[in-house]
Amino acid sequence: MKRWITALIIFFFFFSQIAVADDTITVEIYSNGDITGWINATANGSAVFYIQGIDILGEIDSLWSAVKSAKSKAGSAYSKASKAYVIAKSNSGKISLMEADIQNNTAKIYILRDELVSFENDYIKFKNCTLNNITLLQLELSNQSKAITTLHKDLTRFKELVSYILLIFTVAICMIYVLFPYFIKKIGGGKK
């Protein structure tokens with residue numbers, strides 16, 4: 001019952017108007033339970049309400065400033081998130097294009113690899129054929145070199161033979177020239 005009376009006095013006190021001039025009125029409430037109360041006051045100047053030594057209006061102003069700051073930061077964050085979303089969406093499209101390019105380039109690389117392998121096989125065949133042809137040409141050149149050496153020896157022998165024949169022919173002509181008048185005389189002298 002004491003509690004009810006105390007609560008009624010407090011509520012009654014809160015419901016009454018408080019006129020504040022230059023004096024400060026302090027209202028102290030003590031309770032072990034929850035208290036709901038209203039203060040209805042009229043002041044010519046300013047009225048400051050404190051709970052446990054804390055300026056309530058100042059705290060509300062601080063909270064309101066914090067709410068405004070948080071709202072501003074949230075708006076800024078929303079704007080940045082919106083821009084990031086647009087950029088991410090744009091990048092998603094670019095990434096899709098890049099993936100398509102990568103797949104296309106991968107296909108081209110596989111085609112080039114196959115062509116390179118084919119070219120390498122053709123090159124190896126060409127190289128082997130070329131080496132075989134070079135080996136055959138070297139053998140042919142070697143054979144022709146031997147044939148040229150043989151022909152050169154034959155030509156040298158032929159020149160020597162021609163030289164001997166010319167020498168014999170020259171000696172024979174000289175002998176005929178020298179002996180021809182003698183034979184002519186003998187043939188002509190024998191008829192007489």
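Bear in mind that the values in this text are calculations on the coordinates, not laboratory data. No experiment lies behind these values; they were computed from the predicted model shown. For neighbour counting, all protein chains shown are included, and Cβ atoms are generated from backbone atoms with ideal geometry for every residue, glycine included.
Gain in length, F126 to F180, computed as 0.36 nm per residue apart minus the alpha-carbon separation, to one decimal in nm? Walk me through the intermediate numbers first.
Working: separation 54, 0.36 × 54 = 19.44 nm, distance 7.51 nm.
The F126-F180 span can extend by a further 11.9 nm.
First check a/c for segment 143-192, with a ≥ b ≥ c the square roots of the eigenvalues of its C-alpha gyration tensor; if it is under 1.5, answer rounded, and if not, answer prolate when a/b is larger than b/c or oblate otherwise. Spell out each step's value before the answer.
On the way: a/c = 11.71, a/b = 6.22, b/c = 1.88.
It comes out prolate by the Cα gyration axes.
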Once Lys and Arg get +1 and Asp and Glu get -1 on their Cβ, which of V117, H152, N105 lies farthest toward the positive end of the dipole of segment 88-156?
N105
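Shape verdict for segment 62-192, please, from the Cα gyration tensor: rounded (a/c under 1.5), prolate (a/b greater than b/c) or oblate. All intermediate terms of the calculation are to be shown ahead of the outcome.
Working: a/c = 10.21, a/b = 6.63, b/c = 1.54.
Prolate, since a/c reaches 1.5 and a/b exceeds b/c.
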Give me the number: length gained by fully extending T106 to D61, i.e. 0.36 nm times residue separation minus the C-alpha to C-alpha distance, one decimal in nm.
9.8 nm
